[in-house]
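**Student:** Can you read through this structure? Questions will come right after.
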Amino acid sequence: MGSRASRRARARKRGAPLWAYLTALVLVPLLGVAVLTLAAVRSSVAEAESAARAEAAVRAVAQLDAARSGVEHEVVPALALVILADPVITARVGLPSAVMSAAAKQYRSAVQTTRRTTDTALAQVPAGAVGAAAARRALGELAVLRSRADANTVSLNELYYAYVGISDELTAAQSHTAAAANSEDVPVPTLAAMRDVQLVAQLAQAVTRQMPLFVDAEIQRGTPQPADEPWRAAWQAYADAQRQMSELTSPSLRGAWAQLRSASAVTALDAVLATRVADAGATALPATRLVAIVNQAAERDRLVTHLLDTAVDDAQNLAAADRVRANDRRTSTLVLGLGILLVSLLGALVLGRRVSRALGLLAGQADQVSKGSLVEVEVLGPREVRTVSLALGSAVGSLRRIQAQAHAVARGDLADPVLAEPLAGPLGEVVHASVEQMVSAVRQREELQSALAHQAAHDPLTDLPNRSQAVELVTSALHRGARSGDMAGLLFIDLDGFKAVNDAYGHACGDDVLRQAAHRMRSAVRPGDVVCRLGGDEFIVLVEAVGNERDLVDLAGRLIAAVSEPIPAEGGNVVIGASIGVAVSRDAGTDPDVLLAEADIAAYRAKQRGRGRAEMFDENLRAQLSERAELEAAVAHGLAAGEMQLHYQPVLDVATDRLIGYEALVRWNRPGHGMVPPDSFIPVAEESRLICDLDRWVLGEATRQLAEWRAGWPATEPEPTVAVNISGRHLADRRVVHDVADALAASGVPARLLILEVTETVLVDDPAAITHLAALRDLGVSIAIDDFGTGYTSIGQLRTMPVDTLKIDRSFIASTEHGNPELVALIIRAAHTFGLTVVAEGVEEQAQLDQLRADACDQAQGYLLYRPMPAEDAGALLRPQRAVPGPA
Ligand code: C2E
Ligand code: CA
Ligand code: CA
């Protein structure tokens, strides 16, 4: 028991807890979400970085361009200053010195301005940008060049190409920077804007580079070495740059470009320059015209620079917007990723809690169920848990039904509908089958009990209520009558001639006749009237709510008629009859036994008055009854008061006339009545247990008397016997054996000297009597059948009975009817064959005695020999016998 519990505990501890499984389950997707978020964040970080790089590049491109533009603008005034310082050229131009010095002053100021612009732009190139190194280099080169120009130690040509070289380097750095920023992370519109910047920058370069070459070419016109080749190339570059401007992508920039082209300064300048290119042989333009052109070019320059600023602004704005967007995306990706992570974590936690709570609850409930408490199973949580909960719930339901059925069986409530409910599953089937078996076993027991109760209350032969049930029925009918004031009637039916049928045709036929008679009586009564069998051939009919006594007499007539019809039986029809006594409850106090006795005594009178008739219990019978009751009381009193005496009638040996012994016969010396013979009070005593008391007294007295006579009896002489009459009721009582044994013990008389006389009818009627007789015989006493021949015992039956002696009834001895002596002789011979001693009763004449002697009858008793006599007289007979053997 304990080891099983510990095994279960160990089994429970073995698996990992549910939360561990759930955490492991949730961890994988959570890690995935984290990695994805990280990747997304990293990609947007990279995006933001390249956007920042692009922005820096655009800014660097713009600064480099501004520097380049500055360098280009520095060229003209710087060259001009060199020219003005050259006396040869000054002379050739032919301007007044005042004008010349004013121009020199103006150019010097322009040079200072452009130098500042250029240096500022170069200084502003972002340090991390690709073009930063080029900008630093340009600054260095410019510083060297400027100092040489200021010191006038550089030729015009050298100065110009030095400037152009630096400008070209800056241009290269510009494209370099732009290309470096051109990564795949940079969005297409930004790239396009950067390309636009490059286009406009190219145009700006072409524009700024064009003018010094043009002026130089115009100055050289007409000289032996005209220098219009560089100017022509510059013009071509300008035309190319203009053409390439058609590739601009930004619509606003295109619009601005279209506006710029159509500006009057630009169109006029372009027209003049175009004619100058076309006409190589034209004469040099006058100085004023040249100055006007340069001014127009300055205006165009300003417009182009403005266009470039716009393009740079656009690109810068786009790049900045890209950066901001990329940063925003990074932030939102991060927030989204963290959000997803958080939500997943939260969801996993909530789900895990729900699942583990539902499972925990289920586990707890299952545990309780396993311990036998049939709890209500809650259904919650995920579907699978619900499915298990539902299954557990239905299992609990089945267990509840099993419990309910067990309770119903335990209560014995077999009608409970719960017992009919089938139980699901193999276990349920087994339980249901065993419950059904139990139920049917209990039902069978109940049926058996009711059958036994019916058996106890009914006569098995006719299935009518038996004697005890009859008494109960009469009792309750009298109670009902007492309440309602109705009379109850009782018919006592005694069949006539039934004993003869029984003896003639056998018991089976007798039983059949009884059944048919019972059936006829039941058919003859009204519904509600009850027919009962008291035993033997005695029946009663109980009638409730009797109108008048005549109705009962009529019913009795119908019953007699019905019973008297021939009854078909084996071996032909038999005819019986019925004598009926009728009694009616007079008042509320009527006792059921009294009513039965009244009907009984009325039936007895009907029998006496010729059978086949009905007699009403009347005042005469009532008087007889009360007389009998008084007599019974008087007998009881007389027995107690010692008024009983015993007379002894000697029994002699027929062959030798020798005294064998005595029959003890009771006498009642009733005060005021003299000596009362037994026939007057024995029948009354036999109706109650009084006869047992009387017999017990006779047994005691007779054995005591014999013991007295035996005192000093010579051992050589055969001892006298004493015979005592035992009535049927006493013999049926199991105490009879004790009574006899007690009498023998009290007197010291040996059992062999005591003879018990019983009538044959007693033996035929009651099987218990035969058992008691056998027990008495085992004590050693002898048994004599009294009044043999008056009943219906055949001699053959005697063989199986525990009997020693046969006393032939006096009527056979006295009768002189034809064939009777032969019958007596036959009985004697037959009895001898079975080893029985034969005693002839009532021998009154010598002829009878002679005949008995001739028939070899063993013993005789009768007035001829001795009358019954008081004990002293009987005792006196013993002494002379010892002296003189022979008859008195
Ligand atoms: P029973 O047992 O057949 O007794 C014999 C009866 O016949 C006696 O009558 C006796 O006096 C009478 N008797 C004897 N010889 C003759 C005779 O030659 N001619 C005539 N006519 N009668 C003769 P009793 O004493 O009046 O007894 C009558 C019956 O009373 C007895 O018949 C017996 O059945 C019963 N009885 C007598 N005493 C007792 C007793 O102590 N206990 C019980 N239970 N019954 C007793
Ligand atoms: Ca007798
Ligand atoms: Ca007798």
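The values are calculated or read from the model by the stated rules, or taken from the named source; none is laboratory data. Predicted, not measured: the structure shown is a model, and the values here were computed from it. Glycine also receives a Cβ, built like all others from the backbone with ideal geometry; neighbour counts cover every protein chain displayed.
**Student:** Would you pick out the residues in the stretch 469-521 that are touching a helix residue (DSSP H, G or I) at 6+ places or on another chain (Cβ under 7 Å) and among the hydroxyl-bearing types (Ser, Thr, Tyr)?
**Tutor:** Passing the criteria: only 475.
**Student:** Condition test on residue 752, is it more than 16 Å from ligand 2 (Cβ to nearest atom), on the phi < 0 side of the Ramachandran plot and within 60 Å of the chain's Cα centre (by Cα)? First the steps, then the outcome.
**Tutor:** On the way: more than 16 Å from ligand 2 (Cβ to nearest atom): yes; on the phi < 0 side of the Ramachandran plot: yes; within 60 Å of the chain's Cα centre (by Cα): no.
The answer is no for residue 752.
**Student:** Could you please let me know if residue 829 is more than 60 Å from the chain's Cα centre (by Cα), farther than 30 Å from residue 704 by Cα, touching a residue at least 40 places away in the same chain (Cβ under 8 Å) and more than 15 Å from ligand 3 (Cβ to nearest atom)? I'd like the intermediate steps shown before the answer.
**Tutor:** Working: more than 60 Å from the chain's Cα centre (by Cα): yes; farther than 30 Å from residue 704 by Cα: yes; touching a residue at least 40 places away in the same chain (Cβ under 8 Å): no; more than 15 Å from ligand 3 (Cβ to nearest atom): yes.
Taking the combined requirement at face value, the residue does not satisfy it.
**Student:** On to the next question. Scan the stretch 643-662 and tell me whether some residue there is surrounded by 19 or more Cβ atoms within 10 Å (Cβ to Cβ) and among the polar types (S, T, N, Q). Can you show your working first?
**Tutor:** The initial filter retains those residues of the stretch 643-662 that are surrounded by 19 or more Cβ atoms within 10 Å (Cβ to Cβ), namely 644, 646-652, 654, 659-662.
Adding the requirement that they be among the polar types (S, T, N, Q) leaves 649.
Scanning the stretch 643-662 turns up at least one residue that is surrounded by 19 or more Cβ atoms within 10 Å (Cβ to Cβ) and among the polar types (S, T, N, Q).
**Student:** Would you pick out the residues in the stretch 705-717 that are surrounded by fewer than 16 Cβ atoms within 10 Å (Cβ to Cβ) and touching a residue at least 40 places away in the same chain (Cβ under 8 Å)?
**Tutor:** Our first condition is that a residue be surrounded by fewer than 16 Cβ atoms within 10 Å (Cβ to Cβ); within the stretch 705-717, this holds for 708, 711-717.
The answer is 708, 714, 717.
Every residue, every condition in (1) surrounded by fewer than 17 Cβ atoms within 10 Å (Cβ to Cβ); (2) at pLDDT below 85; (3) of a type in the set (Val, Ile, Thr); (4) not in a loop (DSSP other than H, G, I, E, B), yes or no:
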residue: 55; (1), (2), (3), (4): no, yes, no, yes
residue: 61; (1), (2), (3), (4): no, yes, yes, yes
residue: 68; (1), (2), (3), (4): no, yes, no, yes
residue: 77; (1), (2), (3), (4): no, yes, no, yes
residue: 83; (1), (2), (3), (4): no, yes, yes, yes
residue: 88; (1), (2), (3), (4): yes, yes, yes, yes
residue: 91; (1), (2), (3), (4): yes, yes, no, yes
residue: 106; (1), (2), (3), (4): yes, no, no, yes
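**Student:** Those residues that are hydrophobic (A, V, I, L, M, F, W, C) and either more than 19 Å from residue 236 (Cα to Cα) or surrounded by 12 or more Cβ atoms within 10 Å (Cβ to Cβ) (or both), I need them from the stretch 271-292; list them, please.
**Tutor:** Going through the stretch 271-292, the residues hydrophobic (A, V, I, L, M, F, W, C) turn out to be 271-274, 277-278, 280, 282, 284-285, 287, 290-292.
Within the stretch 271-292, 272, 273, 274, 277, 282, 284, 285, 287, 290, 291, 292 qualify.
**Student:** Can you tell me which residues in the stretch 807-828 are away from ligand 1 (no atom under 15 Å from the Cβ) and in contact with a Gly (Cβ under 8 Å, 6 or more places away or on another chain)?
**Tutor:** 827
Each row is one residue, and each column tells you yes or no for (1) over 60 Å from the mean Cα position of the chain (by Cα); (2) within 16 Å of ligand 3 (Cβ to nearest atom); (3) not hydroxyl-bearing (Ser, Thr, Tyr).
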residue: 623; (1), (2), (3): yes, no, yes
residue: 628; (1), (2), (3): yes, no, yes
residue: 639; (1), (2), (3): yes, no, yes
residue: 664; (1), (2), (3): yes, yes, yes
residue: 668; (1), (2), (3): yes, no, yes
residue: 699; (1), (2), (3): yes, no, yes
residue: 703; (1), (2), (3): yes, no, no
residue: 707; (1), (2), (3): yes, no, yes
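**Student:** If residue 47 passes every condition in (1) at pLDDT 80 or above; (2) surrounded by 14 or more Cβ atoms within 10 Å (Cβ to Cβ) but one, which one does it miss?
**Tutor:** It fails just one condition, (1).
**Student:** Can you name every residue in the stretch 672-686 that is within 13 Å of ligand 2 (Cβ to nearest atom) and either within 26 Å of residue 849 (Cβ to Cβ) or within 60 Å of the chain's Cα centre (by Cα) (or both)? Don't jump to the end; show me each part of the working.
**Tutor:** Filtering the stretch 672-686 down to residues within 13 Å of ligand 2 (Cβ to nearest atom) leaves 678-679, 682.
Correct list: 678, 679.
**Student:** Then there is this: Does residue 185 satisfy the criteria of being in contact with an Asp or Glu (Cβ under 6 Å, 6 or more places away or on another chain) and under 27 Å from residue 250 (Cβ atoms)?
**Tutor:** Values: in contact with an Asp or Glu (Cβ under 6 Å, 6 or more places away or on another chain): yes; under 27 Å from residue 250 (Cβ atoms): yes.
So residue 185 fits the description; yes.
**Student:** Name the one entry in 775, 746, 831 that is surrounded by fewer than 20 Cβ atoms within 10 Å (Cβ to Cβ), farther than 24 Å from residue 648 by Cα and away from ligand 1 (no atom under 16 Å from the Cβ). Talk me through it step by step, then tell me what you get.
**Tutor:** Details: 746 fails: farther than 24 Å from residue 648 by Cα; 831 fails: surrounded by fewer than 20 Cβ atoms within 10 Å (Cβ to Cβ).
After applying the criteria, what remains is 775.
**Student:** So which residues in the stretch 778-810 are surrounded by fewer than 17 Cβ atoms within 10 Å (Cβ to Cβ) and either within 16 Å of ligand 2 (Cβ to nearest atom) or more than 19 Å from residue 835 (Cβ to Cβ) (or both)?
**Tutor:** 779, 790, 792, 804
**Student:** Can you tell me which condition residue 849 does not meet? The list is (1) within 16 Å of ligand 2 (Cβ to nearest atom); (2) aliphatic (A, V, I, L, M); (3) within 19 Å of residue 863 (Cα to Cα), and all the others hold.
**Tutor:** (1)
**Student:** For the stretch 641-730, please list each of the strands (runs of 3 or more DSSP E) lying entirely inside it that holds at least 2 residues being more than 14 Å from ligand 1 (Cβ to nearest atom) and at pLDDT 95 or above.
**Tutor:** Values: elements: 644-653, 659-670, 674-676, 721-725.
So the answer is 659-670.
**Student:** Return the residues of the stretch 613-640 that are surrounded by 17 or more Cβ atoms within 10 Å (Cβ to Cβ) and not in a helix (DSSP H, G or I); say none if nothing qualifies.
**Tutor:** Matches in the stretch 613-640: 613, 614, 615, 616, 617.
**Student:** Here is a follow-up. Taking residue 181 and the conditions (1) in contact (Cβ under 8 Å) with a residue 12 or more places away in the chain; (2) within 21 Å of residue 74 (Cβ to Cβ), which numbered condition does it fall short on, given that it satisfies the others?
**Tutor:** In the conditions (1) in contact (Cβ under 8 Å) with a residue 12 or more places away in the chain; (2) within 21 Å of residue 74 (Cβ to Cβ), residue 181 misses (2) alone.
**Student:** Oh, and also: Any chance you could count how many residues in the stretch 621-671 are of a type in the set (Ser, Thr, Tyr) and more than 16 Å from ligand 2 (Cβ to nearest atom)?
**Tutor:** So the first thing to find is which residues in the stretch 621-671 are of a type in the set (Ser, Thr, Tyr), and the list is 626, 648, 656, 662.
Within this subset, residues satisfying the condition of being more than 16 Å from ligand 2 (Cβ to nearest atom) are 626, 656.
Residues meeting the conditions: 2.
Residues are listed down the side, and each one gets a yes or a no for (1) of a type in the set (A, V, I, L, M, F, W, C); (2) under 22 Å from residue 369 (Cβ atoms):
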| position | (1), (2) |
| --- | --- |
| 405 | no, yes |
| 408 | yes, yes |
| 414 | yes, no |
| 418 | yes, yes |
| 424 | yes, yes |
| 430 | yes, yes |
| 436 | no, no |
| 441 | yes, no |
| 444 | no, no |
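**Student:** Would you confirm, using the coordinates I've provided, whether residue 155 is more than 30 Å from residue 55 (Cβ to Cβ) and either of a type in the set (Gly, Ala, Ser) or surrounded by 24 or more Cβ atoms within 10 Å (Cβ to Cβ) (or both)? Quick ask: steps written out before the conclusion?
**Tutor:** Values: more than 30 Å from residue 55 (Cβ to Cβ): yes; either of a type in the set (Gly, Ala, Ser) or surrounded by 24 or more Cβ atoms within 10 Å (Cβ to Cβ) (or both): yes.
The answer is yes for residue 155.
**Student:** Quick one: residue 795 ticks every box in (1) of a type in the set (A, V, I, L, M, F, W, C); (2) under 29 Å from residue 847 (Cα atoms); (3) within 13 Å of ligand 1 (Cβ to nearest atom) except a single one, so which number is it?
**Tutor:** (3)
**Student:** Among the residues of the stretch 718-728, which ones are surrounded by 19 or more Cβ atoms within 10 Å (Cβ to Cβ) and away from ligand 2 (no atom under 16 Å from the Cβ)?
**Tutor:** Scanning the stretch 718-728 gives a single hit, 720.
**Student:** If we scan the stretch 404-413, do we find a residue that is farther than 22 Å from residue 392 by Cα and surrounded by 13 or more Cβ atoms within 10 Å (Cβ to Cβ)?
**Tutor:** Among the residues of the stretch 404-413, at least one is farther than 22 Å from residue 392 by Cα and surrounded by 13 or more Cβ atoms within 10 Å (Cβ to Cβ), which makes the answer yes.
**Student:** Out of the residues in the stretch 118-151 meeting the condition of being among the polar types (S, T, N, Q) and within 19 Å of residue 80 (Cα to Cα), tell me which one is surrounded by the most Cβ atoms within 10 Å (Cβ to Cβ). I'd like the intermediate steps shown before the answer.
**Tutor:** Step one: list which residues in the stretch 118-151 are among the polar types (S, T, N, Q), which gives 118, 120, 124, 147.
From the residues that got through so far, the ones that are within 19 Å of residue 80 (Cα to Cα) too are 118, 147.
Values: 118: 25, 147: 11.
Of everything passing the filter in the stretch 118-151, 118 is surrounded by the most Cβ atoms within 10 Å (Cβ to Cβ).
**Student:** Let me ask something additional. Any residue at all in the stretch 236-259 that's at pLDDT below 80, of a type outside the set (Lys, Arg) and more than 60 Å from the chain's Cα centre (by Cα)?
**Tutor:** no
**Student:** What tally of residues in the stretch 749-768 results from selecting those that are closer than 18 Å to residue 699 by Cα, out of contact with any Asp or Glu (no Cβ under 9 Å at 6 or more places or on another chain) and within 16 Å of ligand 1 (Cβ to nearest atom)?
**Tutor:** 2
**Student:** Let me ask something else about it. Given the condition among the polar types (S, T, N, Q), under 52 Å from the mean Cα position of the chain (by Cα) and in a helix (DSSP H, G or I), answer yes or no: does some residue in the stretch 487-510 qualify?
**Tutor:** Step one: of the stretch 487-510, the residues among the polar types (S, T, N, Q) are 502.
When the remaining residues are screened for being under 52 Å from the mean Cα position of the chain (by Cα), the result is none.
No, because not a single residue in the stretch 487-510 is among the polar types (S, T, N, Q), under 52 Å from the mean Cα position of the chain (by Cα) and in a helix (DSSP H, G or I).
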